[in-house]
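The values are calculated or read from the model by the stated rules, or taken from the named source; none is laboratory data. Worth saying up front: this structure is predicted, and the values here are computed from it rather than measured. Cβ atoms come from the backbone with ideal geometry, glycine included; neighbour counts cover every protein chain shown. Ligands, DNA and RNA are excluded from the accessible area calculation, which covers all protein heavy atoms including side chains. Shrake-Rupley method; radii C 1.70, N 1.55, O 1.52, S 1.80 Å.
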Amino acid sequence: MNKTIIIQASSKSTGNTNKVINYLNSNESFDFVDLKTKNIGVFEYDFSNAGDDFIPLMEEIINNYDTLVFATPVYWYTMSATLKTFFDRLSDLLKYKKDLGRQLRGKNMAMISNSGANDRRNGFEMPFIESAKYLGMNYLGSAHAWFTEDGNDIHVEAKLKIDTLRKVLTQ
């Protein structure tokens with residue numbers, strides 16, 4: 001199995017993050033999930049959110065995919081709140097569902113971000129790199145997309161970066 005899933009974490013299901021995903025997945029090689037359509041609560045130390053969509057989603061992802069690509073807009077210089085909540089919930093896999101969490105070891109992680117300009121700050125990628133290390137995953141890299149002045153299309157330079165990431169994901 002060498003399957004990839006793109007995990008969209010945006011406040012707008014059909015916004016610019018989705019445009020970037022559609023470009024990355026133009027050959028429809030990857031599966032896709034939109035976290036906005038899931039009921040995923042914040043991390044709770046007593047695991048009181050255990051009945052929401054997080055654990056079933058992670059069971060599906062871990063059992064069916066080797067590579068996870070996180071897609072997020074840049075909000076206030078960092079990942080979206082939707083994705084931060086998802087990352088916080090990975091703690092469930094370290095305490096409450098350890099056997100499931102251990103199955104992330106050896107899987108791959110990548111990230112794609114986007115904003116209105118080529119302005120992603122240094123350090124943005126660090127939570128992805130360090131989380132992959134902590135979970136025993138292989139970090140494959142990232143691409144940042146931005147849009148033309150009129151906001152209607154992904155900038156040519158960004159498309160080249162996305163194309164490079166696509167090649168890494170399909171090897």
Between a first residue in segment 25-51 that is in contact (Cβ under 8 Å) with a residue 12 or more places away in the chain and more than 12 Å from Phe86 (Cα to Cα) and a second residue that is open to solvent by less than 70 Å² (accessible area, probe 1.4 Å) and of a type in the set (D, E, K, R), which pairs have beta carbons less than 7 Å apart while being 6 or more apart in sequence or on different chains? Phe47/Asp92
Could you please find all residues in segment 23-43 being closer than 13 Å to Asp88 by Cβ and open to solvent by 70 Å² or more (accessible area, probe 1.4 Å)? Val42
Mind listing whichever residues of segment 151-171 are in a helix (DSSP H, G or I) and open to solvent by 30 Å² or more (accessible area, probe 1.4 Å)? Val156, Glu157, Lys159, Leu160, Lys161, Asp163, Thr164, Arg166, Lys167, Val168
